[in-house]
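Peer 1: One structure, pasted below without further comment.
The values are calculated or read from the model by the stated rules, or taken from the named source; none is laboratory data. Everything numeric here is computed off the predicted structure, so don't read it as measured data. Cβ placement follows ideal geometry from the backbone for every residue including glycine, while neighbour counts extend to all protein chains displayed. Only protein heavy atoms, including side chains, enter the accessible area calculation; ligands, DNA and RNA are left aside. Shrake-Rupley method; radii C 1.70, N 1.55, O 1.52, S 1.80 Å.
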Amino acid sequence: MSKLARMAVVVALLAAYPAVVVQRASAASTLLSQGKPVTASSTENAGTPATAAVDGDAGTRWSSQFSDPQWIRVDLGATAAIDQVVLNWETAYATSYRIEVSADGSTWTTIYSTTTGRGGVEQLAITGTGRYVRLYGTSRATGWGYSLWEFQVYGTSGSTGTGTLISEFKPVAASSWEGGNAPAAALDGRTTTRWSSQFSDPQWIRVDLGGTAAITSVVLNWEAAYATSYRIEVSADGSTWTTIYSTTTGRGGVEQLAITGTGRYVRMYGTARATGYGYSLWEFQVFGSVDTSASTPTILSGPTRPPATTGQFALSAPADGAMITTTRRPALSWAGVPGAVRYQVWINISRTDYDFTAPGNLIDLYTKVAEPTGTSYTPTWDLPDRWTYKWFVVAVNGSGATTTSTIRRFSVYLPTIASVADGVPIIGGSRDLNKNGTIEPYENWRLPVETRVNDLLGRMTAEEKAYQMFYNAQTYPRSGWHFGPAQPQDLHTMLLAAAGTRLGIPFISAGDTIHGYQTTYPTQSALAAARDYALDYRLADMQRREQLEVGTRGVLGPLAEVGTKVLYPRIQEGNGENADVAAAQVRALVAGLQDGPELNPRSVLATVKHWPGEGAGGEALITYDAVTIKYHMIPFRAAIEAGAVNIMPGYAGSSYLDPGGPGAGDSARILAYLRQNLGYTGLITTDWLPSGSWVGAANAGSDVMGGADPGAAGFSMATFLTNVPAARIDDAVRRVLRLKFQLGLFENPYGDPVNGPYRMHTPAYTALANQASREAMTVLKNDGVLPLRLAPGDNIVVAGPRATDSAACCVWTSYFHQEYGSRNILDAIRARAATAGVNVHQDTGPAPKLAVVAVGEPSYTHATSWVKEQPYLPADQLAVIQNFRRQGIPVVVALVMPRPYVITEWHDLASAIVVTYRGGEEMGPALASLLFGDYAPSGKLPWQLPRSLDQVLRPGGSDVLADAVEHWDLPYDLGATDAQRADIRAHIDAGQPVPSSYGNPLYPYGAGLSGWG
């Protein structure tokens, strides 16, 4: 139908359906959609873009392709309470469609649907809450597509409070909640979740803003069950409340209260309900500003090592080794120095801006926090709980000359005591874990950790000690460990059971969530392509925060492996083949997981693996020698310098450390090297060994039997106790208990299973995962097709087995949650293309300008998905690329490459090659943004790529040392000569960085385009 013909029909329709003045639901209702960002499933041509439906011009329109379903979506820019939608149809209208709302553009809720759409101007008096509103058409009235002159959304914005939103994702409490509608649902920024109370008066919900706040407004976004009478109150301590607003005529909907007040806590206190139900809020938003000075240290320097000469004058207080349990602001004092005009106070506070590439213990880096003229100083902020604060003072005289004091230590511990109904009495501010009415030394948090360890060890039976070395706490509550992840309430139930044991010793839950807990970021090999160590720290810190929300206090990562063997399947989890990059990355990840340079009550216990470096051979045999072992030790030394106190030996033995001996976990020689040569004093946790190996592993020096089930067939604890000396068990259990006391578990073993999950997977966390995936994306080749320069209405095809494979982004249990692979490659490209008016077809389509072919390996763990000795695209994937090229269609290969591949066979067929690695849950969106030029590429290959398989294996060979062509323990040696390999060894032996230019690979280590130039 021509445009003129369509216009004629429209005139007739407008006569049949006269224009109606919109009647808004309330005086506050406004047109929210006009001029806002809009996307659509497709466009008919360049003259009918999605933007035309929200431009306020009834002479322009959006029209879709001629198929079902189709949709158009508008982003209102903020959460809104919607009260009306107006659809001004062109002739091609929908007979069947839905109106949907979403908080995040991914999860949709239907607020209206019909199968009898009439076209013309449809005014829908409907209600709902969301940032995104979508018309989703499922049946067309004509053979054309869907066509709208205008798509108008009316309502009130739910985020129009004055000031900055300061309540989102903050700690919350409530008088009650009903069903699954937890209090934190009202603070999660998602208008598809809500808090609802029990059906009685009064009820309240309270948010802790984390510091004293100047409040400028409060927004209450009510569900249908609202309050007619309520108060808004503030408090400095959560106990004494001051009313800053009250009403007896609450109207529900979105109430924007221009009120002011000051306090750390803000409470809505409802006294009369509008319905027979309880009180129910989609969102409880507080706006204003928070004073963070009480938690923000004074920083007058970067992280700095102390002067070479110390001990030139004395410190006075606190005493060396003092344990501070009464204040977070201990007074520091020192002897005066004659001639000094000022002093510098240096403390080893935790930092987020360490130079993770620099060697040395992070705990020995100090920050200048003050420059007083007198001989005392009291911190102006609250010191968080830490077991090893170190400090010194520098005296500065009139000419600028300096002298330095001795260095002293102190600890600060003022824990929050769990007040969970777990049957454990609280006496004198401590938990009576053995429930005997007396606080024993191990229960008294005011005593030093070693005192508590010794006391508890002396109270334990031999069997109770042995259980601390085992897993499966879900079945055996006396076990020291639990293999996670578990659902929050399930984990909480298990922790309650542990509290009910004779001594009330808590367990640690740890799982293989090695690249994210509820928000999944790229694997370590992908992070090694980005080499952004500050970002690595932030990702690990994000994981720590998510795990603390639900009480999961351990993780079986990170890996400290250098991947120098192409055929090692778990090279995908390691750090690439540069040991210095691996070291920096491991430092950052350990420090982020443990919240600083040592284990503390805010830490998640990192488990560094797989000792002694399986990247040099794999899970069967490690092949380094007296020279190359130095290279593979670099990241393990870095982990210890970052404060790692739990190391996992792998399955592989070492032909150098224990020739002909067993795997590392039950090799006394391999474990002795860790303790004697690296000076490691922490815990050793085996990998998942068979039950017949547990006695041998314990006797070899392993402290915890990874994953070990005390109820395993053929195993008895009595036999274990008979065959493992009591002294060896005491040594192991002492380490276990020490870590648990340092983690603060005896005071607070729990998370918040009700509210904690709502503070996971926040938009900020998703953005962090997206940034990491973007920085890792590596463009190996670009013949000018990228970034995509397409006109509205152009078609592209997305094909290949990884295009719709959401799981390919991730490994292990870092994808146990529903959000992983939040948008697969196809869907992500389709969504991004829609904003440019580009049509995306799966597998085939009309006259495509190019094809994006997503290939590579699906997710795997110990064993590769493809035949291990065939690290190249299988025939079916290769055929997809070849078929498009035969048609003359340019191909952009999106290569999901978790390990080094041979890509020579199809390299020249591709117009562009983008390596995604295992890019985490945001792999699809990050790739789509790159293709359309939203950012420039910067990732670099973390390994060499072989030119051909014969650089890796002899023809017809298998993954055994005798058939290897590359040297499993050497970096950068694909296609290298003997002379080059000798030079690599010489650099390692001399402790020098190894140049990455050796060999003759197809792509060298560090390859990747920077920018689009």
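Peer 1: Residue by residue through the range 254-282, note down the ones that are closer than 23 Å to I82 by Cα and open to solvent by less than 40 Å² (accessible area, probe 1.4 Å).
Peer 2: Within the range 254-282, V254, E255, L257, G278, Y279, S280, L281 meet the criteria.
Peer 1: For the range 731-785, name all the residues that are under 29 Å from S167 (Cβ atoms) and among the acidic types (D, E).
Peer 2: E747, D752
Peer 1: Give the residue, chosen from G423, G458, G400, G437, that is small (G, A, S) and in a helix (DSSP H, G or I).
Peer 2: Selected residue: G458, the only one of G423, G458, G400, G437 that is small (G, A, S) and in a helix (DSSP H, G or I).
Peer 1: If you don't mind, there's one more thing I want to ask. What number of residues in the range 542-556 are open to solvent by less than 10 Å² (accessible area, probe 1.4 Å) and at negative phi?
Peer 2: The number of residues fulfilling the criteria is 9.
Peer 1: Here's another thing I want to ask about it. Give me the pairs, please: first residue somewhere in the range 664-693 and under 20 Å from G618 (Cα atoms), second residue anywhere and of a type in the set (S, T, Y) and open to solvent by 30 Å² or more (accessible area, probe 1.4 Å), beta-carbon distance under 7 Å, and either six or more positions apart or on two chains.
Peer 2: The qualifying pairs are D687/Y651.
Peer 1: Hey, does the range 353-364 have a residue that's buried (at least 18 other Cβ atoms within 10 Å of the Cβ) and either part of a loop (DSSP other than H, G, I, E, B) or more than 31 Å from the chain's Cα centre (by Cα) (or both)?
Peer 2: Yes, because at least one residue in the range 353-364 is buried (at least 18 other Cβ atoms within 10 Å of the Cβ) and either part of a loop (DSSP other than H, G, I, E, B) or more than 31 Å from the chain's Cα centre (by Cα) (or both).
Peer 1: List pairs: first in the range 335-353 and without any contact (Cβ under 8 Å) to a residue 24 or more places away in the chain, second part of a loop (DSSP other than H, G, I, E, B) and among the hydrophobic types (A, V, I, L, M, F, W, C), Cβ under 8 Å, 6+ apart or cross-chain?
Peer 2: If the second residue must be part of a loop (DSSP other than H, G, I, E, B) and among the hydrophobic types (A, V, I, L, M, F, W, C), no pairs are left.
Peer 1: Is it the case that some residue within the range 313-326 is over 25 Å from P384 (Cβ atoms), buried (at least 16 other Cβ atoms within 10 Å of the Cβ) and out of contact with any helix residue (DSSP H, G or I) (no Cβ under 6 Å at 6 or more places or on another chain)?
Peer 2: Yes, that holds for at least one residue.
Peer 1: Please go through the range 234-254 and pick out each residue that is in a strand (DSSP E or B), within 23 Å of S200 (Cα to Cα) and under 34 Å from the mean Cα position of the chain (by Cα).
Peer 2: Hits for the range 234-254 are V234, V254.
Peer 1: Which residue is nearest to A258 (Cα to Cα), if the candidates are limited to the range 283-312 and must be open to solvent by 60 Å² or more (accessible area, probe 1.4 Å) and of a type outside the set (V, I, T)?
Peer 2: My answer is S289.
Peer 1: Same structure, new question: For the range 771-797, which residues satisfy the criterion of being more than 18 Å from M897 (Cα to Cα) and in a helix (DSSP H, G or I)?
Peer 2: Q771, the sole residue that qualifies.
Peer 1: Any residue that is assigned to a strand (DSSP E or B) and either over 38 Å from the mean Cα position of the chain (by Cα) or farther than 27 Å from V704 by Cα (or both) - is there at least one of those in the range 446-455?
Peer 2: No, the range 446-455 contains no residue that is assigned to a strand (DSSP E or B) and either over 38 Å from the mean Cα position of the chain (by Cα) or farther than 27 Å from V704 by Cα (or both).
Peer 1: Test R73 against the stated conditions and say whether it is within 20 Å of A833 (Cα to Cα), open to solvent by 30 Å² or more (accessible area, probe 1.4 Å) and assigned to a strand (DSSP E or B).
Peer 2: Here the answer is yes, as R73 does meet what is asked.
Peer 1: State all residues of the range 847-869 that are over 24 Å from G924 (Cβ atoms), touching a residue at least 12 places away in the same chain (Cβ under 8 Å) and out of contact with any helix residue (DSSP H, G or I) (no Cβ under 7 Å at 6 or more places or on another chain); if no residue qualifies, say none.
Peer 2: Matches in the range 847-869: A847, E869.
Peer 1: Also, quick follow-up: Residues to consider are V562, V604; find the one that is touching a helix residue (DSSP H, G or I) at 6+ places or on another chain (Cβ under 6 Å), open to solvent by less than 10 Å² (accessible area, probe 1.4 Å), within 15 Å of D512 (Cβ to Cβ) and of a type in the set (V, I, T).
Peer 2: Residue meeting the stated conditions: V604.
Peer 1: So, of the residues in the range 489-513 that are outside any helix (DSSP H, G or I) and under 25 Å from the mean Cα position of the chain (by Cα), which turns out to be farthest from Y758 (Cα to Cα)?
Peer 2: The residue in question is F507.
Peer 1: Sticking with this one: Looking at (1) under 30 Å from V234 (Cα atoms); (2) in a loop (DSSP other than H, G, I, E, B); (3) open to solvent by less than 40 Å² (accessible area, probe 1.4 Å), which one does R329 not meet, given that it meets all the others?
Peer 2: Checking R329 against (1) under 30 Å from V234 (Cα atoms); (2) in a loop (DSSP other than H, G, I, E, B); (3) open to solvent by less than 40 Å² (accessible area, probe 1.4 Å), the one that fails is (3).
Peer 1: Can you name the residue in the range 158-174 that is small (G, A, S) and open to solvent by 30 Å² or more (accessible area, probe 1.4 Å) and is also modelled with the lowest pLDDT among such residues?
Peer 2: Only one residue tops the list, namely S159.
Peer 1: Something else now. Name every residue in the range 216-233 that is assigned to a strand (DSSP E or B) and under 20 Å from A184 (Cβ atoms), in order of residue number.
Peer 2: Correct list: V218, V219, L220, N221, W222, A227, Y230, I232, E233.
Peer 1: Only one of R981, R985 is touching an Asp or Glu at 6+ places or on another chain (Cβ under 7 Å) and either of a type outside the set (A, V, I, L, M, F, W, C) or part of a helix (DSSP H, G or I) (or both). Can you tell me which?
Peer 2: Result of the check over R981, R985: R981.
Peer 1: Enumerate the strands (runs of 3 or more DSSP E) found wholly within the range 81-146, keeping only those where 3 or more residues are open to solvent by less than 40 Å² (accessible area, probe 1.4 Å).
Peer 2: Output list reads 94-102, 121-124, 128-140.
Peer 1: Which residues, taken from the range 175-215, are assigned to a strand (DSSP E or B) and buried (at least 20 other Cβ atoms within 10 Å of the Cβ)?
Peer 2: Listed by number, the residues that qualify are W195, S196, Q203, W204, I205, R206, V207, L209, A213, I215.
Peer 1: List the number of the failed condition for V840; all other conditions in (1) modelled with pLDDT of 95 or more; (2) open to solvent by 30 Å² or more (accessible area, probe 1.4 Å); (3) within 23 Å of G105 (Cα to Cα); (4) β-branched (V, I, T) hold.
Peer 2: Just one mismatch for V840, condition (2).
Peer 1: If only one of A732, A718, A727 is of a type in the set (A, V, I, L, M) and under 30 Å from R386 (Cβ atoms), which one is it?
Peer 2: Going through A732, A718, A727 in turn, the sole match is A732.
Peer 1: Check off (1) within 30 Å of A863 (Cβ to Cβ); (2) in a helix (DSSP H, G or I); (3) in contact with a Ser or Thr (Cβ under 7 Å, 6 or more places away or on another chain) for Y765 and give me the number that stays unchecked.
Peer 2: (1)
Peer 1: How many residues are touching a Leu at 6+ places or on another chain (Cβ under 7 Å), farther than 20 Å from K868 by Cβ and free of Cβ contacts under 8 Å to residues at least 60 places away in the same chain when one looks only at the range 559-587?
Peer 2: Total meeting the criteria: 0.
Peer 1: A further question follows. Got a sec? Which of V153, V74, V133, V101 is among the β-branched types (V, I, T) and in contact with an Asp or Glu (Cβ under 8 Å, 6 or more places away or on another chain)?
Peer 2: That would be V133, the only listed residue that is among the β-branched types (V, I, T) and in contact with an Asp or Glu (Cβ under 8 Å, 6 or more places away or on another chain).
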